[in-house]
1. Residue check, B:Ala74 against (1) modelled with pLDDT under 65; (2) touching a Leu at 6+ places or on another chain (Cβ under 6 Å), all met but one. Which one?
2. Restricted to segment B:49-64, and to residues that are surrounded by 14 or more Cβ atoms within 10 Å (Cβ to Cβ) and under 24 Å from A:Ser69 (Cα atoms), which residue is modelled with the highest pLDDT?
3. A:Ser69: over 22 Å from B:Pro182 (Cα atoms) and either in contact with a helix residue (DSSP H, G or I) (Cβ under 7 Å, 6 or more places away or on another chain) or at pLDDT 95 or above (or both), yes or no?
4. Evaluate the following for A:Arg31: is it over 30 Å from B:Glu44 (Cα atoms) and loosely packed, with under 15 Cβ neighbours inside 10 Å?
5. Mind counting the residues in segment A:15-73 that are hydrophobic (A, V, I, L, M, F, W, C) and more than 7 Å from chain B (Cβ to nearest Cβ)?
6. How do the pairs read when you match residues in segment B:3-27 that are within 11 Å of B:Val50 (Cβ to Cβ) and more than 9 Å from chain A (Cβ to nearest Cβ) with residues anywhere that are surrounded by 13 or more Cβ atoms within 10 Å (Cβ to Cβ) and modelled with pLDDT under 75, using Cβ under 6 Å and keeping only pairs 6 or more apart or on different chains?
7. Which helices (runs of 4 or more DSSP H) does segment B:127-186 wholly contain that include 3 or more residues that are surrounded by fewer than 23 Cβ atoms within 10 Å (Cβ to Cβ) and facing another protein chain (nearest Cβ under 8 Å)?
8. With segment A:1-44 as the region, which helices (runs of 4 or more DSSP H) entirely inside it contain at least 1 residues that are more than 20 Å from B:Arg168 (Cβ to Cβ), modelled with pLDDT of 95 or more and among the hydrophobic types (A, V, I, L, M, F, W, C)?
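The values are calculated or read from the model by the stated rules, or taken from the named source; none is laboratory data. Only a predicted model underlies this, so the values are computations on that prediction, with no experimental measurement involved. For neighbour counting, all protein chains shown are included, and Cβ atoms are generated from backbone atoms with ideal geometry for every residue, glycine included.
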Amino acid sequence: MTCRELTELLLDYVAGELSDEQRFRFDEHLRHCSTCLVYLETYQLTIQISRRLPSCEPLPEEVIRRLRSALEA
Amino acid sequence: MDPTTSEFAPPSVEEVFRDYAPRIYMLARRLLGNDADAEDVTQEVLLQLVRKLDTFRGESAFPTWLHRVTVNAALAHRRKRASRSEQQTLEPLDSFAEDGYPGVPVNRWSVQPDQALLDRETRDLIEKAIARLPDLYRDVYVLADVEGLPNAEIAEILNLSVPAVKSRLHRARLLMRNALAPHFEESSRP
């Protein structure tokens, strides 16, 4: 397995959806490739920090004002 | 919801404004990548919402309906605007060499995934990276990795197959990872 082939499998790996054989080859590659190990870590970090974004923030005052007048029109 | 009954009490217009408008705006802004379009979509969704408030009979149906309406309104708004980023076809795996080795340095990140709240700077970096994704990747990324929707539901919303959702999500994650790396890599920090 090359680094690129491993990268193509990252989504299924993170979702726990690799076949046994794919998982074995994936883990084998990781044992010998520190670059892919870090790439995997940072791929997972990207997902983790995105999920920590807030679902909302207070609206700016001027936006509230415009939306209110549109609703009341 | 009225605590004295088991029936769903539709929110008042004021409650809609207070409790739902910020959520609608944030989702629309993430999908569309800018404030002006997000405001247009928020206004459209709020108007729909106020018109239909009396028709809701189930509490669980309401947030689902609101989410779906916001996504659909944002996608329709973009189609009207004929977004320019749709033509971009970034391929995050292009940087990999013939032998499969990544063509860029790969270093550990200093960001901590377990901190309860992201600091403002980190949040802005992530939001900007999301805004720069091509539309077809951004939609899937926001719905999957920010909103936390399952792939099957995203496929239904975007009228795609599940394999297509997974393919786009994977590309989006690679683009996001590569966009954030220069900011978070330990070696790039003073």
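1. (1)
2. B:Leu49
3. It is false that A:Ser69 is over 22 Å from B:Pro182 (Cα atoms) and either in contact with a helix residue (DSSP H, G or I) (Cβ under 7 Å, 6 or more places away or on another chain) or at pLDDT 95 or above (or both).
4. In short, yes.
5. Residues meeting the conditions: 11.
6. Every condition considered, the pairs that remain are B:Pro10/B:Leu53; B:Pro10/B:Phe56.
7. B:162-184
8. Qualifying helices (runs of 4 or more DSSP H): A:20-32.
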